[in-house]
Amino acid sequence: MSTVSAYAATSATEPLTPTTITRRDVGPHDVAFDIHFAGICHSDIHTVRAEWGEVGYPLVPGHEIAGVVTEVGAEVTKFKVGDRVGVGCFVDSCRECESCLAGEEQYCTGGGMVGTYNGVGRDGQSTQGGYSGAIVVDENYVLNIPDAISLDKAAPLLCAGITTYSPLHHWNAGPGKKVAVIGLGGLGHLAVKIAVAMGAEVTVLSQSLKKMEDGLRLGATAYHATSDRDTFKQLAGHFDLIINTVSANLDLQDYLKLLKLDGTLVELGMPEHPMEVPAGALIFGRRSIAGSLIGGIAETQEMLDFCAEHDVAPEIEVIEPDYINEAYERVLASDVRYRFVIDTASLR
(Lines give C-alpha, C1' and ligand atoms only; values in the text may rest on other atoms or scores of the structure.)
Protein backbone atom coordinates (compact mmCIF):
# COMPACT_ATOMS: atom_id res chain seq x y z
CA MET A 1 0.00 0.00 0.00
CA SER A 2 1.10 3.57 -0.62
CA THR A 3 0.09 6.82 1.04
CA VAL A 4 -0.98 9.91 -0.90
CA SER A 5 -2.15 13.40 0.00
CA ALA A 6 -5.78 14.28 -0.63
CA TYR A 7 -8.69 16.55 0.26
CA ALA A 8 -11.59 14.83 2.00
CA ALA A 9 -15.02 15.54 3.39
CA THR A 10 -15.48 14.34 6.97
CA SER A 11 -19.21 15.04 7.16
CA ALA A 12 -22.07 16.50 5.14
CA THR A 13 -21.69 19.90 6.78
CA GLU A 14 -17.96 20.46 7.28
CA PRO A 15 -15.56 21.88 4.65
CA LEU A 16 -13.17 19.56 2.85
CA THR A 17 -9.76 19.40 4.54
CA PRO A 18 -6.28 18.05 3.74
CA THR A 19 -5.66 14.42 4.68
CA THR A 20 -3.75 11.33 3.61
CA ILE A 21 -5.23 8.15 2.14
CA THR A 22 -3.84 4.80 1.11
CA ARG A 23 -3.85 3.27 -2.36
CA ARG A 24 -3.58 -0.46 -2.94
CA ASP A 25 -0.44 -2.09 -4.27
CA VAL A 26 -0.37 -2.47 -8.04
CA GLY A 27 -1.84 -5.84 -8.99
CA PRO A 28 -1.27 -7.78 -12.24
CA HIS A 29 -3.94 -5.85 -14.14
CA ASP A 30 -3.61 -2.49 -12.39
CA VAL A 31 -2.44 0.89 -13.63
CA ALA A 32 -1.01 3.39 -11.15
CA PHE A 33 -0.81 7.02 -12.15
CA ASP A 34 -0.02 10.40 -10.72
CA ILE A 35 -3.07 12.64 -10.85
CA HIS A 36 -2.29 15.99 -12.48
CA PHE A 37 -5.80 17.46 -12.69
CA ALA A 38 -9.24 16.68 -11.25
CA GLY A 39 -12.46 18.38 -12.32
CA ILE A 40 -15.11 19.50 -9.85
CA CYS A 41 -18.50 18.06 -10.81
CA HIS A 42 -21.80 19.11 -9.24
CA SER A 43 -22.21 15.41 -8.42
CA ASP A 44 -19.23 15.75 -6.08
CA ILE A 45 -21.11 18.36 -4.09
CA HIS A 46 -24.35 16.36 -3.99
CA THR A 47 -22.47 13.33 -2.73
CA VAL A 48 -20.32 15.17 -0.18
CA ARG A 49 -23.45 16.75 1.28
CA ALA A 50 -25.28 13.39 1.43
CA GLU A 51 -28.01 14.64 -0.89
CA TRP A 52 -28.01 11.44 -2.94
CA GLY A 53 -27.96 8.87 -0.15
CA GLU A 54 -25.62 7.37 2.39
CA VAL A 55 -21.97 8.43 2.36
CA GLY A 56 -18.96 6.72 3.86
CA TYR A 57 -16.85 9.45 5.45
CA PRO A 58 -14.08 10.44 5.20
CA LEU A 59 -14.72 10.81 1.48
CA VAL A 60 -12.33 11.99 -1.24
CA PRO A 61 -14.48 13.13 -4.20
CA GLY A 62 -13.47 13.54 -7.82
CA HIS A 63 -14.38 11.48 -10.89
CA GLU A 64 -12.90 13.64 -13.63
CA ILE A 65 -9.28 12.54 -13.34
CA ALA A 66 -6.31 13.03 -15.67
CA GLY A 67 -2.68 12.14 -15.14
CA VAL A 68 0.42 10.19 -16.17
CA VAL A 69 1.14 6.48 -15.63
CA THR A 70 3.88 5.67 -13.10
CA GLU A 71 3.56 1.88 -12.85
CA VAL A 72 1.70 -0.98 -14.53
CA GLY A 73 0.98 -4.52 -13.42
CA ALA A 74 2.81 -7.50 -14.89
CA GLU A 75 -0.14 -8.49 -17.12
CA VAL A 76 -1.21 -5.01 -18.27
CA THR A 77 -1.32 -4.76 -22.06
CA LYS A 78 -3.09 -1.47 -22.72
CA PHE A 79 -0.82 1.03 -21.00
CA LYS A 80 2.82 1.76 -20.19
CA VAL A 81 4.71 4.11 -17.90
CA GLY A 82 4.51 7.69 -19.20
CA ASP A 83 1.12 7.32 -20.89
CA ARG A 84 -1.41 10.13 -20.48
CA VAL A 85 -4.52 8.59 -18.98
CA GLY A 86 -7.83 9.35 -17.34
CA VAL A 87 -10.49 7.83 -15.13
CA GLY A 88 -14.14 8.80 -15.05
CA CYS A 89 -17.12 8.01 -12.88
CA PHE A 90 -16.51 4.32 -12.22
CA VAL A 91 -13.55 2.02 -11.62
CA ASP A 92 -15.14 -1.42 -11.89
CA SER A 93 -18.30 -3.38 -12.69
CA CYS A 94 -19.34 -7.03 -12.66
CA ARG A 95 -17.89 -7.61 -16.17
CA GLU A 96 -20.32 -10.48 -16.75
CA CYS A 97 -23.84 -9.09 -17.17
CA GLU A 98 -25.41 -8.24 -20.51
CA SER A 99 -24.70 -4.52 -20.07
CA CYS A 100 -21.04 -5.01 -19.21
CA LEU A 101 -20.50 -7.42 -22.09
CA ALA A 102 -22.09 -4.87 -24.42
CA GLY A 103 -19.68 -2.16 -23.27
CA GLU A 104 -22.38 -0.35 -21.29
CA GLU A 105 -20.75 -0.84 -17.89
CA GLN A 106 -22.51 2.18 -16.42
CA TYR A 107 -25.74 0.17 -16.58
CA CYS A 108 -24.22 -2.92 -14.92
CA THR A 109 -26.95 -5.19 -13.54
CA GLY A 110 -24.59 -7.52 -11.73
CA GLY A 111 -24.32 -5.38 -8.64
CA GLY A 112 -23.92 -2.04 -10.36
CA MET A 113 -20.86 -0.08 -11.41
CA VAL A 114 -18.33 0.70 -8.69
CA GLY A 115 -18.10 4.47 -8.27
CA THR A 116 -14.70 6.13 -8.40
CA TYR A 117 -15.55 7.41 -4.94
CA ASN A 118 -18.10 6.37 -2.30
CA GLY A 119 -18.06 2.83 -3.70
CA VAL A 120 -16.64 -0.47 -2.53
CA GLY A 121 -13.95 -2.17 -4.58
CA ARG A 122 -13.30 -5.87 -5.04
CA ASP A 123 -10.82 -5.68 -2.17
CA GLY A 124 -13.64 -4.59 0.15
CA GLN A 125 -12.13 -1.15 0.61
CA SER A 126 -13.94 2.15 0.03
CA THR A 127 -13.05 3.84 -3.23
CA GLN A 128 -11.58 7.33 -3.02
CA GLY A 129 -11.52 9.79 -5.88
CA GLY A 130 -9.39 12.29 -7.71
CA TYR A 131 -8.90 15.14 -5.25
CA SER A 132 -5.63 13.38 -4.48
CA GLY A 133 -2.08 12.85 -5.69
CA ALA A 134 -2.29 9.39 -7.23
CA ILE A 135 -4.63 6.47 -7.87
CA VAL A 136 -4.55 2.76 -8.80
CA VAL A 137 -7.21 1.43 -11.18
CA ASP A 138 -7.77 -1.77 -13.16
CA GLU A 139 -6.60 -1.21 -16.75
CA ASN A 140 -10.06 -2.02 -18.12
CA TYR A 141 -11.43 1.17 -16.57
CA VAL A 142 -8.62 3.52 -17.62
CA LEU A 143 -8.82 5.76 -20.71
CA ASN A 144 -6.13 6.97 -23.12
CA ILE A 145 -6.00 10.76 -23.35
CA PRO A 146 -5.03 11.84 -26.87
CA ASP A 147 -2.03 14.14 -27.18
CA ALA A 148 -4.22 16.82 -28.77
CA ILE A 149 -6.06 17.37 -25.46
CA SER A 150 -4.20 19.02 -22.59
CA LEU A 151 -4.55 17.16 -19.29
CA ASP A 152 -6.31 20.03 -17.53
CA LYS A 153 -8.99 20.20 -20.22
CA ALA A 154 -9.22 16.43 -20.53
CA ALA A 155 -10.33 16.02 -16.92
CA PRO A 156 -13.91 17.39 -17.28
CA LEU A 157 -14.46 15.31 -20.41
CA LEU A 158 -14.36 12.17 -18.24
CA CYS A 159 -17.78 13.06 -16.78
CA ALA A 160 -19.26 16.21 -18.33
CA GLY A 161 -17.96 15.28 -21.76
CA ILE A 162 -19.23 11.72 -21.89
CA THR A 163 -22.50 12.63 -20.15
CA THR A 164 -23.36 14.91 -23.06
CA TYR A 165 -21.66 13.00 -25.88
CA SER A 166 -23.48 9.74 -25.14
CA PRO A 167 -27.07 10.95 -25.67
CA LEU A 168 -26.07 13.09 -28.64
CA HIS A 169 -24.43 10.03 -30.19
CA HIS A 170 -27.24 7.62 -29.23
CA TRP A 171 -30.01 9.85 -30.63
CA ASN A 172 -28.04 10.59 -33.79
CA ALA A 173 -27.34 14.29 -33.51
CA GLY A 174 -25.74 15.38 -36.75
CA PRO A 175 -26.30 17.16 -40.07
CA GLY A 176 -29.94 17.98 -40.66
CA LYS A 177 -30.86 17.60 -36.98
CA LYS A 178 -32.04 20.46 -34.78
CA VAL A 179 -30.83 20.11 -31.20
CA ALA A 180 -31.76 22.22 -28.19
CA VAL A 181 -29.60 22.33 -25.06
CA ILE A 182 -31.33 23.39 -21.84
CA GLY A 183 -28.86 25.24 -19.63
CA LEU A 184 -25.40 26.60 -20.40
CA GLY A 185 -23.30 25.33 -17.51
CA GLY A 186 -20.64 22.67 -17.04
CA LEU A 187 -22.65 20.11 -19.01
CA GLY A 188 -24.52 22.47 -21.28
CA HIS A 189 -21.52 24.26 -22.74
CA LEU A 190 -19.97 20.92 -23.70
CA ALA A 191 -23.26 19.69 -25.13
CA VAL A 192 -23.27 22.73 -27.41
CA LYS A 193 -19.68 22.22 -28.53
CA ILE A 194 -20.10 18.50 -29.16
CA ALA A 195 -23.43 18.81 -30.98
CA VAL A 196 -21.99 21.52 -33.21
CA ALA A 197 -18.96 19.33 -33.93
CA MET A 198 -21.34 16.53 -34.90
CA GLY A 199 -22.90 18.83 -37.46
CA ALA A 200 -26.22 19.59 -35.77
CA GLU A 201 -27.96 22.95 -35.70
CA VAL A 202 -27.88 23.93 -32.02
CA THR A 203 -30.10 26.24 -29.96
CA VAL A 204 -29.52 27.10 -26.30
CA LEU A 205 -32.56 27.41 -24.03
CA SER A 206 -31.65 29.30 -20.87
CA GLN A 207 -33.66 31.12 -18.24
CA SER A 208 -32.13 34.42 -19.26
CA LEU A 209 -29.98 35.87 -22.03
CA LYS A 210 -27.00 36.71 -19.79
CA LYS A 211 -24.83 33.98 -21.35
CA MET A 212 -26.04 34.53 -24.89
CA GLU A 213 -22.71 35.88 -26.14
CA ASP A 214 -20.96 32.75 -24.82
CA GLY A 215 -23.54 30.41 -26.32
CA LEU A 216 -23.15 31.90 -29.78
CA ARG A 217 -19.36 31.93 -29.44
CA LEU A 218 -19.44 28.21 -28.61
CA GLY A 219 -21.28 27.50 -31.86
CA ALA A 220 -25.00 27.75 -31.16
CA THR A 221 -26.97 29.38 -33.95
CA ALA A 222 -29.72 30.64 -31.64
CA TYR A 223 -30.20 31.44 -27.96
CA HIS A 224 -33.58 31.92 -26.29
CA ALA A 225 -34.75 32.88 -22.82
CA THR A 226 -37.25 30.41 -21.36
CA SER A 227 -38.49 33.11 -18.99
CA ASP A 228 -40.08 34.65 -22.09
CA ARG A 229 -43.32 32.79 -22.84
CA ASP A 230 -43.03 33.76 -26.51
CA THR A 231 -40.04 31.38 -26.75
CA PHE A 232 -42.35 28.39 -26.41
CA LYS A 233 -44.74 29.72 -29.04
CA GLN A 234 -41.96 30.61 -31.46
CA LEU A 235 -40.17 27.24 -31.19
CA ALA A 236 -43.16 24.88 -31.01
CA GLY A 237 -42.49 21.67 -32.97
CA HIS A 238 -38.98 22.82 -33.85
CA PHE A 239 -36.48 20.29 -32.44
CA ASP A 240 -35.54 16.70 -33.15
CA LEU A 241 -33.71 16.36 -29.82
CA ILE A 242 -33.60 18.30 -26.57
CA ILE A 243 -30.80 17.69 -24.07
CA ASN A 244 -31.74 18.84 -20.57
CA THR A 245 -28.59 19.52 -18.56
CA VAL A 246 -30.22 21.19 -15.54
CA SER A 247 -31.55 19.54 -12.40
CA ALA A 248 -34.39 21.97 -11.79
CA ASN A 249 -37.98 20.78 -11.97
CA LEU A 250 -39.20 22.13 -15.30
CA ASP A 251 -42.69 22.27 -16.76
CA LEU A 252 -42.08 19.35 -19.09
CA GLN A 253 -45.24 19.99 -21.08
CA ASP A 254 -43.78 23.28 -22.30
CA TYR A 255 -40.55 21.63 -23.41
CA LEU A 256 -42.07 18.51 -24.92
CA LYS A 257 -44.18 20.70 -27.19
CA LEU A 258 -40.96 22.07 -28.67
CA LEU A 259 -40.24 18.66 -30.20
CA LYS A 260 -41.07 17.58 -33.71
CA LEU A 261 -42.93 14.37 -34.48
CA ASP A 262 -40.92 11.51 -32.93
CA GLY A 263 -38.66 13.94 -31.10
CA THR A 264 -36.98 13.05 -27.81
CA LEU A 265 -36.18 15.01 -24.67
CA VAL A 266 -33.27 13.49 -22.73
CA GLU A 267 -32.84 14.11 -19.01
CA LEU A 268 -29.25 14.31 -17.73
CA GLY A 269 -29.87 15.96 -14.36
CA MET A 270 -31.79 14.58 -11.40
CA PRO A 271 -34.42 17.06 -10.14
CA GLU A 272 -35.15 17.20 -6.44
CA HIS A 273 -38.84 16.37 -6.89
CA PRO A 274 -40.49 13.63 -9.00
CA MET A 275 -41.02 14.60 -12.61
CA GLU A 276 -44.58 15.12 -13.83
CA VAL A 277 -44.99 14.08 -17.44
CA PRO A 278 -48.36 14.93 -19.05
CA ALA A 279 -49.47 12.08 -21.27
CA GLY A 280 -50.96 14.38 -23.89
CA ALA A 281 -47.63 16.05 -24.56
CA LEU A 282 -46.21 12.62 -25.43
CA ILE A 283 -49.17 11.16 -27.30
CA PHE A 284 -49.82 14.13 -29.61
CA GLY A 285 -46.58 14.06 -31.56
CA ARG A 286 -45.37 10.56 -30.64
CA ARG A 287 -42.76 12.26 -28.51
CA SER A 288 -40.48 10.55 -26.02
CA ILE A 289 -38.78 11.46 -22.77
CA ALA A 290 -35.66 9.51 -21.87
CA GLY A 291 -32.67 9.53 -19.56
CA SER A 292 -28.97 8.92 -20.10
CA LEU A 293 -26.18 8.05 -17.66
CA ILE A 294 -22.56 8.90 -18.55
CA GLY A 295 -21.21 6.23 -20.97
CA GLY A 296 -19.34 2.96 -21.10
CA ILE A 297 -15.57 2.68 -21.34
CA ALA A 298 -15.51 2.14 -25.12
CA GLU A 299 -17.84 5.08 -25.76
CA THR A 300 -15.85 7.30 -23.40
CA GLN A 301 -12.70 6.52 -25.37
CA GLU A 302 -14.64 7.25 -28.56
CA MET A 303 -15.67 10.60 -27.06
CA LEU A 304 -12.08 11.51 -26.17
CA ASP A 305 -10.91 10.65 -29.68
CA PHE A 306 -13.80 12.64 -31.18
CA CYS A 307 -12.97 15.69 -29.06
CA ALA A 308 -9.32 15.47 -30.04
CA GLU A 309 -10.19 15.23 -33.73
CA HIS A 310 -12.68 18.12 -33.62
CA ASP A 311 -10.81 20.37 -31.18
CA VAL A 312 -13.55 20.19 -28.57
CA ALA A 313 -12.51 21.08 -25.02
CA PRO A 314 -14.23 22.49 -21.95
CA GLU A 315 -13.90 26.08 -20.78
CA ILE A 316 -12.11 25.79 -17.43
CA GLU A 317 -10.85 27.71 -14.41
CA VAL A 318 -7.83 26.01 -12.85
CA ILE A 319 -7.59 26.24 -9.05
CA GLU A 320 -5.35 25.06 -6.22
CA PRO A 321 -6.63 22.41 -3.79
CA ASP A 322 -7.00 24.93 -0.97
CA TYR A 323 -9.67 26.70 -3.04
CA ILE A 324 -11.99 23.66 -3.28
CA ASN A 325 -14.49 24.84 -0.66
CA GLU A 326 -14.79 28.29 -2.25
CA ALA A 327 -15.20 26.61 -5.63
CA TYR A 328 -18.08 24.53 -4.26
CA GLU A 329 -19.91 27.68 -3.21
CA ARG A 330 -19.32 29.25 -6.59
CA VAL A 331 -20.63 26.14 -8.38
CA LEU A 332 -23.80 26.34 -6.29
CA ALA A 333 -24.11 30.02 -7.23
CA SER A 334 -23.54 29.22 -10.94
CA ASP A 335 -20.47 31.43 -10.76
CA VAL A 336 -18.08 29.49 -12.99
CA ARG A 337 -17.55 29.45 -16.73
CA TYR A 338 -17.66 26.60 -17.02
CA ARG A 339 -15.75 23.98 -15.02
CA PHE A 340 -13.38 24.18 -12.08
CA VAL A 341 -10.32 21.97 -12.45
CA ILE A 342 -7.99 21.29 -9.52
CA ASP A 343 -4.25 21.39 -10.20
CA THR A 344 -3.13 18.56 -7.91
CA ALA A 345 0.61 19.23 -8.13
CA SER A 346 0.77 20.10 -4.43
CA LEU A 347 -0.82 16.73 -3.57
CA ARG A 348 1.70 14.64 -5.52
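Checking the structure you have, find out if any residue of the range 286-298 is within 16 Å of the chain's Cα centre (by Cα), in contact (Cβ under 8 Å) with a residue 24 or more places away in the chain and assigned to a helix (DSSP H, G or I). Within the range 286-298, one or more residues are within 16 Å of the chain's Cα centre (by Cα), in contact (Cβ under 8 Å) with a residue 24 or more places away in the chain and assigned to a helix (DSSP H, G or I).
Would you pick out the residues in the range 127-141 that are open to solvent by 10 Å² or more (accessible area, probe 1.4 Å) and part of a loop (DSSP other than H, G, I, E, B)? Result: Thr127, Gln128. The residue that is most open to solvent (accessible area, probe 1.4 Å), among those in the range 229-242 that are outside any loop (DSSP other than H, G, I, E, B) and closer than 28 Å to His42 by Cβ, is Asp240.
List the strands (runs of 3 or more DSSP E) inside the range 8-114, counting only whole elements, that have at least 3 residues being among the aliphatic types (A, V, I, L, M) and at pLDDT 95 or above. Quick ask: steps written out before the conclusion?
Values: elements: 17-23, 30-39, 65-72, 84-87, 90-92.
Hits in the range 8-114: 30-39, 65-72.
Take Ala160 and decide whether it is open to solvent by 20 Å² or more (accessible area, probe 1.4 Å), in contact (Cβ under 8 Å) with a residue 60 or more places away in the chain and in contact with a helix residue (DSSP H, G or I) (Cβ under 7 Å, 6 or more places away or on another chain). Here the answer is no, as Ala160 does not meet what is asked.
Of all residues in the range 243-265, those satisfying the criterion of being over 16 Å from Gly185 (Cβ atoms), buried (at least 16 other Cβ atoms within 10 Å of the Cβ) and either of a type in the set (A, V, I, L, M) or touching a Gly at 6+ places or on another chain (Cβ under 8 Å) (or both) are Leu252, Leu256, Lys257, Leu258, Leu259, Lys260, Gly263, Leu265. Close Cβ contacts (under 6 Å, 6 or more residues apart or on different chains) running from residues in the range 103-118 that are within 25 Å of Ile21 (Cβ to Cβ) and open to solvent by 30 Å² or more (accessible area, probe 1.4 Å) to residues that are assigned to a loop (DSSP other than H, G, I, E, B) and hydroxyl-bearing (Ser, Thr, Tyr) comprise Met113/Ser93. If only residues of the range 261-285 that are in contact (Cβ under 8 Å) with a residue 60 or more places away in the chain and part of a strand (DSSP E or B) are counted, the one that is nearest to Leu332 (Cα to Cα) is Val266.
Within the range 263-276, which residues are more than 28 Å from Asp44 (Cβ to Cβ) and at pLDDT below 90?
Across the range 263-276, the qualifying residue is only Glu276.
From the list Arg339, Arg287, exactly one residue is within 28 Å of Ile65 (Cα to Cα), among the basic types (Lys, Arg) and modelled with pLDDT of 95 or more. Which is it? Just a single option satisfies the conditions, and that option is Arg339. Residues that are in contact with a Pro (Cβ under 7 Å, 6 or more places away or on another chain) and surrounded by fewer than 18 Cβ atoms within 10 Å (Cβ to Cβ) do not occur anywhere in the range 201-219.
When we screen Ala197, Ala155, Ala148, Ala180 for residues that are of a type outside the set (Asp, Glu) and part of a loop (DSSP other than H, G, I, E, B), the only hit is Ala148. Listed by first and then second residue, the pairs linking a residue in the range 65-92 that is under 18 Å from Asp25 (Cβ atoms) and not assigned by the TED database to the domain that holds Ala155 to a residue that is open to solvent by 50 Å² or more (accessible area, probe 1.4 Å) and of a type in the set (D, E, K, R), with Cβ atoms under 7 Å apart and 6 or more places separating them unless they lie on different chains, form an empty list.
The values are calculated or read from the model by the stated rules, or taken from the named source; none is laboratory data. If you're wondering where the values come from, they're calculated on a predicted model, not measured in any experiment. Ideal geometry is used to build each Cβ from the backbone, glycine not excepted, and the neighbour counts take in all protein chains shown. Each accessible area value is taken on the protein alone, full model and side chains, heavy atoms only, with ligands, DNA and RNA left out. Shrake-Rupley method; radii C 1.70, N 1.55, O 1.52, S 1.80 Å.
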